[in-house]
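Participant: Dumping the structure here so I can ask a few things about it.
The values are calculated or read from the model by the stated rules, or taken from the named source; none is laboratory data. Quick caveat: nothing in here was measured; it's all calculated off a predicted structure. Glycine also receives a Cβ, built like all others from the backbone with ideal geometry; neighbour counts cover every protein chain displayed.
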Amino acid sequence: MENNAKKWNVEQGDDRGSSKVYPPPAPVRVDQTKKKRKKQDFWVIVGFLGPALLIYGLYVIYSIAMTFYYSLFEWSGIDTHMVFAGLQNYITLIGDHVFWTSLQNNFLLVAASLLTQLPLGLIMALLLFSPIKGMRFFRSIYFMPFLMSTVAIGILFIYIYDGNFGIVNQILGQLGLESWQRGWLGNEETAIWAVIATVCWQFAPFYMILFRAAIVGIPEELYEAAEMDGASSRKKFLKITLPLLIPTIITSSILSIIGALKYFDLIYVMTDGGPNNSTELMATYMYEQTFTNFNMGYGSSISFSMFIIALFVTLIIIVFDQKRKGAN
Amino acid sequence: MLNRIRQIPLYILAILLLLFTGLPFFVMVSTSFKTQIEFMSAPWSLPESFSFENYRLLLESEFFRFFFNSVIVSVISVVAVIVLGAMASYPLARMRFKLNRPLFILFLVGMMIPIHTTLIPIFLLTKNMGLYDTIWALPGPYIAFALPVSIVIFTQFLKDLPKELEESAKMDGCGPFRLFWKILFPLLTPAVATVAIYNFIQIWNEFIFALVLTNSEENATLPLGLREFYGQFSVNVPGIMAALTLGSLPLLLIYLVAQEKIVKGIAAGSVKG
Amino acid sequence: MWKPKVWVTALIILFITAGCSDSESSTDGGSGDDTSKTLTLWHIETGESEVAIEDAVKRFEENHEGVNVEVVRQENDPYKTKLSVAMGGGTPPDVFHSWGGGWLEKFVEAGQVKDLSDDIDPEQFLPAALSPAEFEGKNYGAPLAMDIVPVWYNKGMFEKFGLEEPETYEELIEIIETLKSNDIVPFSLANQSKWPGSFYYMYFAERFGGPDLFNEAYKREGRGFDDEAYVKAGEKIRELAEMGAFPDGFNGMNFDTGQSRQLLYAEQAGMIIQGNWMLGTTRNDMPEFEEKLGFFLFPAMEGGQGSKKDIVGGVSPVYSVAEKSENKELATELVKELTSKATAQQLANTDGAISAVKDIEYDDEYVQEISNVLEEAEYMQTFYDQTLPPELAEVHLDTTQALFGLSKTPEEAAKEVEEKAKEVLE
């Protein structure tokens, strides 16, 4: 069975291109067929990718380009008066300690997201395949956090963490841990963790459905073969499920990292970056600079830096993934 | 019997997770039946007498207009994202060409730009296209910003499909478009369901583009319209919870339907094997 | 044969067209349906004051035939973002809401606001209400209502513990100690929102440094934001925080969602420093609490230059006309109607707002009382966060929050504000 899984896994490789599809029947005609196929491929690529690329280029790529453009100016964003500043905004940014605090918080969020959202999502997804009754009900409830609007989550968790009425403190009181009680969002040390926990709570169900869809895609025969070999469920998980989930785990990691790097919503609702900038993220700081302080140019330079950081991290993952595939 | 006992920890875990994930939603719904006065005196208590006042106020407002606008915008955007995203993923996942990886990364980078700095360029763009303050201003950015995640998910799934599918289809003289729509796309059901759920929720709850790109009440989507329930100095918490509860019901429905699709995907998967 | 070059060229063309189409037409004023004139009004009023605004618009439409006013109510927080984008994008509303002060000044500096000096009659308004929209001797907005910030307290609770409204700061401290010894939070405060904490800083600073302190620092004439009075104000805040005058985790509590008010209503807290909107909010949140609600003015400090009669307050709403409006004259007329005596009187009758317009009569005795305070006031300190330019206001709010959280010393906080002030104001 292990062979089976491996074989399957090898086939996942990237080299499943179409080059091997048609072995050239006769050497004389190679050139012509290739040409014809290449031409056909070109139109397939254009036809399939073109529409998406068009609308994507119009809104997204254009916006990214404009963000970079704005970041080179000193500009309030509310008038037509723009002063070219070169890289001045970026130089200011490097000396801006709030930016570094927020970058640090972003990386905390990245780490927490990877370490909690993905495992939690995977556990929930696996539970959904286990033989427990009332699966539909569980499946629906587990997804609820992702379905709720951020505003509702924000308001509810503000109350959950409240120092006087909050549920967290009530539970701690019941457990006899009065000394742990505090206003979680009002304390510079705990605020960031309280918010991070909420973010992870909100997003874990998304990874649950990603994993669930991926597990669905694993051919039943692999498990059947394993069962015939008398493999335990733990062994089945380690030898079949997990290896076949690796591409999904990598995809999820990328989504999770990028999501965490540009996260904004709940922080904005719950703490607005405070107290004393302790929960500031790059995106909330950028928002404050752009729309509160009327510093569109500087805000754009924060945005573009976030973009570069996310790009850099993603490229590292891709290269890493490439190497892993090579090793396989 | 032994099997049952072995399942007990499983049930305990499942129920713990149930409370963990489900309680806030429950609190949201129960709060929505309270009055502001009741909420202010005891935020966590169950509603003493179910007050439908919040819902009555909601339904008296332009709720159905907002709802209708949101449905149009979300459905159009999600359908377009699925079609465009799945199509774009096909060459990226299954064909070899020089620009494959750069294009894939090009799509990836779209996820990395924080949305708030794109507001001014997109506002200008929308204005110049004459779409400002219409609901048609919204699908464009929604589709464009939803494409990256969708393409990542689709590409992932397409890569996992066995290549024999295409080979045999090509042997039968099946053209690439038919091959994609008739053979590959149906096998993508779990991915389509995932992408649909994800994007529908994001788009349904989207606030900032709707705020900036529309203006009049008649073009407001639900998240904008529901802001009516915010006061100037104080928030009517139960009112907001009622609005958000009502607003999230369609999402629940979509999720349940899509989940059934994933289950059907299991069936389709066993057929293909 | 397919060439990558074709692709790249196509993409480049696409972006260039996208870019060009934008810069070409952003200069022309946008689409116009010119059959009848339409004005757009953005406001943020809710409840009864929204009705007053709508009635004013009706009166305006009756007096100006063929003019249609599109009234759009915005929500406080996103409103600021939305107006910025609309201004930046060149399609501002004809008439828009503001609080005067540094925020409005940004738009004035950007040349986006019409000068109303020749259009409005200063005699019609209270002088203190006009000044937040005056920049370099010109007037850019007409005010409708005002807010002041007293100390609200629970009358029943004070009676129970034999407490009286304090005349001096020492008496206030005694009250705090009495409440504390009875396990009651002296001051309820939700300082995640930052501005509620700023009230304390403004009062302490004014009581120590006198009414001219802020203006000297703001105009860069004389004392600065690092003056001794500011350092002392910071020390007093720390003292209060250290003695436990505020609820647990107050720096994470949100005023909008009601966390600080809840403590007051539940009689777990005795006092709160808040604007006069507390009255309307209480009537909405917990009507039966109204009879327990009393207020006094923040006491003077011994040896300080400020008097108990100097109050902290602000103006809201202020209505201004966009410079880019196609119908500036009509828009100005609309502003006049929005801030007319009729509108102000209606607002006073139904919403209990204190008018920025002169000669208004109040039915509500509470409001009458608050209005008396305002009339007797020797000086009104306008909210720092609304008066200062936004980026400086942000530093003021952040450092004050940090003072409350004991994570900055008074000297550090004062120095930080002064440094930013030097950068922004000089």
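Participant: Considering only the range A:298-314, I want to know if a residue exists there that is more than 7 Å from every other protein chain (Cβ to nearest Cβ), without any contact (Cβ under 8 Å) to a residue 60 or more places away in the chain and either surrounded by fewer than 16 Cβ atoms within 10 Å (Cβ to Cβ) or of a type in the set (F, W, Y) (or both).
Facilitator: Taking every residue of the range A:298-314 in turn, at least one turns out to be more than 7 Å from every other protein chain (Cβ to nearest Cβ), without any contact (Cβ under 8 Å) to a residue 60 or more places away in the chain and either surrounded by fewer than 16 Cβ atoms within 10 Å (Cβ to Cβ) or of a type in the set (F, W, Y) (or both).
Participant: Cβ-Cβ distance below 6 Å, separation of 6 or more or different chains: which pairs start in the range A:36-59 with a residue that is surrounded by fewer than 18 Cβ atoms within 10 Å (Cβ to Cβ) and end on one that is of a type in the set (A, V, I, L, M) and part of a helix (DSSP H, G or I)?
Facilitator: Every condition considered, the pairs that remain are A:P51/B:L84.
Participant: I'd like the residue in the range C:231-259 that is in contact with a Pro (Cβ under 7 Å, 6 or more places away or on another chain) and not aliphatic (A, V, I, L, M) and, out of all such residues, is surrounded by the fewest Cβ atoms within 10 Å (Cβ to Cβ).
Facilitator: Going through the qualifying residues, I end up with C:E235.
Participant: Just name the residue that is modelled with the lowest pLDDT out of those in the range A:66-115 that are surrounded by 20 or more Cβ atoms within 10 Å (Cβ to Cβ), under 20 Å from B:L124 (Cα atoms) and among the polar types (S, T, N, Q).
Facilitator: A:S76
Participant: Next question, about the same structure. If a residue has to be farther than 16 Å from A:D41 by Cβ and either at the interface with another protein chain (Cβ under 7 Å from one of its Cβ atoms) or free of Cβ contacts under 8 Å to residues at least 60 places away in the same chain (or both) to count, how many in the range B:179-192 make the cut?
Facilitator: Going through the range B:179-192 one residue at a time, the tally reaches 5.
Participant: For the list (1) modelled with pLDDT of 95 or more; (2) more than 23 Å from the chain's Cα centre (by Cα), I need the number of the one condition that B:V73 fails.
Facilitator: For B:V73, the exception is condition (2).
Residue by residue, here is whether (1) within 14 Å of chain A (Cβ to nearest Cβ); (2) in contact with a helix residue (DSSP H, G or I) (Cβ under 8 Å, 6 or more places away or on another chain); (3) modelled with pLDDT of 50 or more; (4) at positive phi holds:
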| site | (1), (2), (3), (4) |
| --- | --- |
| C:I12 | yes, no, no, no |
| C:S21 | yes, yes, no, no |
| C:S26 | yes, yes, no, no |
| C:K37 | no, yes, yes, no |
| C:T46 | no, no, yes, no |
| C:V57 | no, yes, yes, no |
| C:N63 | no, yes, yes, no |
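Participant: Same structure again: Mind checking which residues of the range A:126-168 are in a helix (DSSP H, G or I), within 13 Å of chain C (Cβ to nearest Cβ) and in contact with a helix residue (DSSP H, G or I) (Cβ under 7 Å, 6 or more places away or on another chain)?
Facilitator: If we filter the range A:126-168 for residues that are in a helix (DSSP H, G or I), which is where we start, we get A:126-127, A:135-147, A:150-160, A:167-168.
Now restrict to residues that are within 13 Å of chain C (Cβ to nearest Cβ): A:151-160, A:168.
Result: A:V151, A:A152, A:I153, A:G154, A:I155, A:L156, A:F157, A:I158, A:I160, A:V168.
Participant: Go through (1) outside the structural domain of C:G100 (by TED's automatic domain parsing); (2) farther than 24 Å from A:G186 by Cβ for C:A356 and report which single condition fails.
Facilitator: Evaluating C:A356 over (1) outside the structural domain of C:G100 (by TED's automatic domain parsing); (2) farther than 24 Å from A:G186 by Cβ leaves (1) as the failure.
Participant: So which of C:A129, C:A133, C:A86 is among the hydrophobic types (A, V, I, L, M, F, W, C), without any contact (Cβ under 8 Å) to a residue 12 or more places away in the chain and crowded, with 19+ Cβ neighbours inside 10 Å?
Facilitator: Working: C:A129 fails: without any contact (Cβ under 8 Å) to a residue 12 or more places away in the chain; C:A133 fails: without any contact (Cβ under 8 Å) to a residue 12 or more places away in the chain.
The match here is C:A86.
Participant: Another question about this same structure. Going through B:E166, B:E206 one at a time, which residue ends up being in contact with a helix residue (DSSP H, G or I) (Cβ under 9 Å, 6 or more places away or on another chain) and either more than 9 Å from every other protein chain (Cβ to nearest Cβ) or closer than 29 Å to A:F294 by Cα (or both)?
Facilitator: Only one candidate qualifies: B:E206.
Participant: Which of the residues belonging to the range A:219-247 are buried (at least 18 other Cβ atoms within 10 Å of the Cβ) and not in a helix (DSSP H, G or I)?
Facilitator: Passing the criteria: A:P219, A:A231.
Participant: Considering each of C:G252, C:G222, C:G280, C:G275 in turn, give the residue that is small (G, A, S) and over 25 Å from the mean Cα position of the chain (by Cα). Walk me through it before giving the result.
Facilitator: Working: C:G252 fails: over 25 Å from the mean Cα position of the chain (by Cα); C:G280 fails: over 25 Å from the mean Cα position of the chain (by Cα); C:G275 fails: over 25 Å from the mean Cα position of the chain (by Cα).
Going through C:G252, C:G222, C:G280, C:G275 in turn, just one is small (G, A, S) and over 25 Å from the mean Cα position of the chain (by Cα): C:G222.
Participant: Could we say that C:K324 is touching a residue at least 40 places away in the same chain (Cβ under 8 Å), under 30 Å from C:E62 (Cα atoms), surrounded by fewer than 22 Cβ atoms within 10 Å (Cβ to Cβ) and within 11 Å of another protein chain (Cβ to nearest Cβ) here? Steps first, please.
Facilitator: On the way: touching a residue at least 40 places away in the same chain (Cβ under 8 Å): yes; under 30 Å from C:E62 (Cα atoms): yes; surrounded by fewer than 22 Cβ atoms within 10 Å (Cβ to Cβ): yes; within 11 Å of another protein chain (Cβ to nearest Cβ): yes.
Yes: the conditions hold for C:K324.
Participant: Also, quick follow-up: Filter the range B:262-273 down to residues that are more than 10 Å from chain A (Cβ to nearest Cβ) and either modelled with pLDDT of 75 or more or crowded, with 19+ Cβ neighbours inside 10 Å (or both), then give me how many there are.
Facilitator: Total meeting the criteria: 0.
Participant: May I pose another question? Quickly run through the range A:197-211 and pick out the residues that are facing another protein chain (nearest Cβ under 9 Å) and within 19 Å of A:K235 (Cα to Cα). Break it down stepwise before answering.
Facilitator: Filtering the range A:197-211 for residues facing another protein chain (nearest Cβ under 9 Å) gives A:201, A:204-206, A:209-210.
The answer is none; no residue qualifies.
Participant: Shifting gears a bit: Might you let me know whether the range C:114-121 holds any residue that is farther than 28 Å from B:L131 by Cβ, more than 14 Å from chain A (Cβ to nearest Cβ) and touching a Leu at 6+ places or on another chain (Cβ under 9 Å)?
Facilitator: yes
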